[in-house]
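Step one of this worksheet: look at the structure below.
The values are calculated or read from the model by the stated rules, or taken from the named source; none is laboratory data. Treat the numbers as computed from the prediction; the structure is a model and nothing was measured. Glycine also receives a Cβ, built like all others from the backbone with ideal geometry; neighbour counts cover every protein chain displayed.
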Amino acid sequence: MKTTHASPRAGIIAVTSLTLEARIAVGSGVSVICSQGSRLAVALDAAVQSGVSGIISFGVAGGLARGLVAGAWVAAAAVKTGQERFPTDPAWTQSLPHRLPDAVRADILGMDTLVADPEQKESLYARTGAAAVDMESHIAARIAAVHQIAFVACRVIIDPAHRPLPPAALVGLHPDGTIDAGAVFRSVVREAGQLPALVRTALDARVARAALRRGQGMLGSGLGFPYFRSGSPEILHNSKHTAGVYTARILKDTKPAGRGRRGAGCLV
């Protein structure tokens with residue numbers, strides 16, 4: 001299927017699920033949708049109706065390939081699910097390692113459920129060959145394919161393949177992508193023995209966050225989009241729809257829902 005490249009003036013949409021990721025991703029020519037699951041699909045589908053040049057899945061991911069440490073970049077050659085494989089835009093994908101010289105080019109696995117256990121990660125790697133896993137890339141890839149829009153996924157490892165995530169790291173996210181400190185505290189009170197692992201997860205998250213900030217600066221305007229022209233508008237949308245509200249340049253899901261989940265650690 002041929003990818004359609006809209007006018008560069010239409011801008012880029014970055015897909016995230018954490019508010020922190022959204023604040024890093026937003027910039028010249030880039031607006032952000034920050035949401036999860038079915039709400040993300042609705043929000044993104046509505047946004048592309050207004051016209052976009054490309055979609056990038058940007059943020060953190062869980063490691064599947066051993067040897068990828070916290071802070072390592074993965075530029076997806078394709079996004080896989082259990083039944084589908086979505087190749088990324090060739091020109092855009094090729095531009096990413098030029099701007100992020102240490103990035104690994106490999107497939108990223110998209111899943112609807114959390115992957116926190118090292119044994120499960122090892123099994124997924126053996127079965128799919130994907131280097132990383134998250135819970136947004138497959139949603140973004142599927143919508144980009146339907147609308148024939150250029151798509152890439154560029155993610156930073158937050159929890160390496162060998163590192164199990166403690167329970168507190170799995171419950172600490174509000175549906176709008178902000179940290180639920182109360183849930184983290186209650187989890188630690190229930191299981192105090194997880195505290196050393198939680199500290200290790202927090203340190204990994206700090207490394208990943210720093211890598212995201214550096215990488216966003218290295219990718220530059222349009223997050224490496226090769227068809228981008230400087231001077232494109234930063235505010236792509238400012239409208240309401242059923243899935244959320246665009247405020248400034250970040251779309252945050254505002255509908256009440258169950259606790260958000262990640263394909264990687266939540267504690268950032």
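Values for this structure:
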| quantity | calculated |
| --- | --- |
| In the range 43-69, residue farthest from Ile158 (Cα to Cα) [restricted to those that are modelled with pLDDT of 95 or more and β-branched (Val, Ile, Thr)] | Ile55 |
| Residue in the range 7-18 that is free of Cβ contacts under 8 Å to residues at least 24 places away in the same chain and among the basic types (Lys, Arg) present | no |
| Only listed residue being among the aliphatic types (A, V, I, L, M), farther than 14 Å from Gly222 by Cα, in contact (Cβ under 8 Å) with a residue 24 or more places away in the chain and in a loop (DSSP other than H, G, I, E, B), chosen from Val60, Val69, Val52, Val79 | Val69 |
| Residue in the range 177-193 that is crowded, with 21+ Cβ neighbours inside 10 Å, assigned to a loop (DSSP other than H, G, I, E, B) and in contact with a helix residue (DSSP H, G or I) (Cβ under 8 Å, 6 or more places away or on another chain) present | yes |
| Ala22 over 18 Å from Leu219 (Cβ atoms) and either at pLDDT 90 or above or in a loop (DSSP other than H, G, I, E, B) (or both) | no |
| Options Ala46, Ala91, Ala76, Ala116: the member that is of a type in the set (A, V, I, L, M, F, W, C) and surrounded by fewer than 17 Cβ atoms within 10 Å (Cβ to Cβ) | Ala91 |
